[in-house]
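The values are calculated or read from the model by the stated rules, or taken from the named source; none is laboratory data. Owing to the predicted nature of the structure, the values given are computational and were not obtained by experimental measurement. Heads up, the Cβs are rebuilt from the backbone with ideal geometry, glycines too, and the neighbour counts pull from every protein chain shown. Surface accessibility is based on the protein's heavy atoms, side chains included, excluding ligands, DNA and RNA. Shrake-Rupley method; radii C 1.70, N 1.55, O 1.52, S 1.80 Å.
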Amino acid sequence: MLGNKVSRQKPCHHCKSRSAAAPPDTSTIHYEKFWLYRHCSSVQQGDRQAQKAGQLFSGLLAMNVVFLGCAFISSMIFNHIAITLAEVWILLSILKVLCLCWIIYYLLGTSRQPHAVLHRDSHAGPIWIRGSVLLFGSCSVLLNSFQIGYSTILIQCKSKVDILFPSIDILFICTQAFFLWHHSKDCIQVQHNLTRCGLMLTIATNLLLWLLAVTNDTIHMEIESQLRETTSCTCPNTTICKVFQKGYILLYPFNTEYCLVCCSVLYVMWKNVGRRISHHHSSPTKAKFKLQGVVFGPLLGTVAVIIGICVFMLYQIQATGSVPNRQVFVMYYSYYIVLLPLMSVGAVIGTIIHALEKRELDTLKNPTRSLDVILLMGAALGQIGMCYFSIVALVATDPVDLLNSLILSYSVLLIFQTITQNVFIIDGLHRQHTSSSKEEEMKEQQIHEGYDQRRVSMIELGQEIRKVSLSYIHTYSNLTWKRRALREISFFLVLCNIIVSI
């Protein structure tokens, strides 16, 4: 039997002192012993072994689901006749329905049981992650709506699955987004194995949806039909059909981002199943990133973003034309050759400042931080791999050419920037939040709360703006030069990464 339940463990002679020392609210919550370990004498050891066994079983379940889905998707890629896209959609629809059943059961049943959520991981599901889930989820819902409208107009050459699959996907996206928004921090203490299996099944489904979105060539066929109108199933000369088709093409990348973000949040929840957080670390002071005390970072970053958007717009207009202009490519890569060294220098200086601060490292186990490091390194490996392929290709052709030289320099600088920025971020993730910085943030919060609580009339508006400005300058001057420099560098890198990702 793989289920877990809330039960009261009989005291034994060698663990009475340990049970007595435990908090009264958590001492009665423990794993039901896994069948392989029923003869374990230690309660703590038995719980740990049951936890490992539950993780192993749920991981095997996800692995089998992913392998099955990969077999379907790969068969569709290499043989469209044997396995069609509609059959892959049917498999994924079945998985979505199973995930929906489990999510609804968790919302209405598991999470409402007594002692279900005694602990919440304050590091899991930060607001920007949950905001990303809502943003990408909303775009994915709009994408599926466009797909339904497009398939409805072309119903004569589309199957009913083309309408059914996005309809189920909308329900799945909305339910999953609601679940992650409200329960991403849960450290569930009941029904451990059922919860783990449900989470792993949902992760596997999102991975398969991402894999299908990446490998499916239907979007490329739609783009070609839009440009050339060579396929038999094309839009009639109506505005609404063109809008549905254009929106489907433009919103397509958001669906892949949504699947990846959901996988990361679900994985942290899976790691937190049965996790017990001590009272000392249950509600730590949150290190909030504030604009207050930052001047030059936002200014330089905003300039970089404005220039980058202008360069990008010129690049898109010229590069997609009938006769691409060579000069626009030179301008495009020249911009990044200037920007990337600035980002690298900022990351190196930030890493040096981290070393000068001499803060203690946070060695506590943190599933969220571990996942952040894994995702950073995984994304860096893909970026660095692409750059090295570009370097080999350019060296093997004509590295003396001006444009090739710019692209070669761009690839080398991007490798260096990716490495230095990841070192800076990972080093910052493992730094403890010192009491001095806490006091600084408390002072800043008190200053602004004092002004926020005052009711300002129209006559006093100019005077109040002047006081707030003086308060801002005073707070900025009270920050240490290390804290000030780190804030400037961090905000500059945030804005620069936005334009680089665009």
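Once the 1.4 Å probe is applied to the protein heavy atoms, segment 80-193 comes out at 44 Å² accessible per residue.
Largest accessible area first, the listed residues I489, I127 line up as I127, I489 when surface is computed with a 1.4 Å probe on the assembled protein chains. The fraction of accessible area contributed by carbon and sulfur in segment 47-272 is 70 percent, rounded to a whole number (1.4 Å probe; ligands and nucleic acids excluded). Which Cα, out of I77, I103, A62, lies furthest along the positive dipole direction of segment 47-272 (beta carbon charges, K/R +1, D/E -1)? My answer, from the dipole projection, is I103.
Our summary gives segment 47-272 a relative contact order of 34 percent, counting only alpha carbon pairs under 8 angstrom and 6 or more residues apart. Sorting the segments 343-353, 156-166 by their mean number of nearby beta carbons within 10 angstrom, highest to lowest, gives 343-353, 156-166.
Pairs with C-alpha atoms separated by more than 23 Å, drawn from the list K52/K185; K96/K160; K271/K482; K52/K96, are K271/K482; K52/K96.
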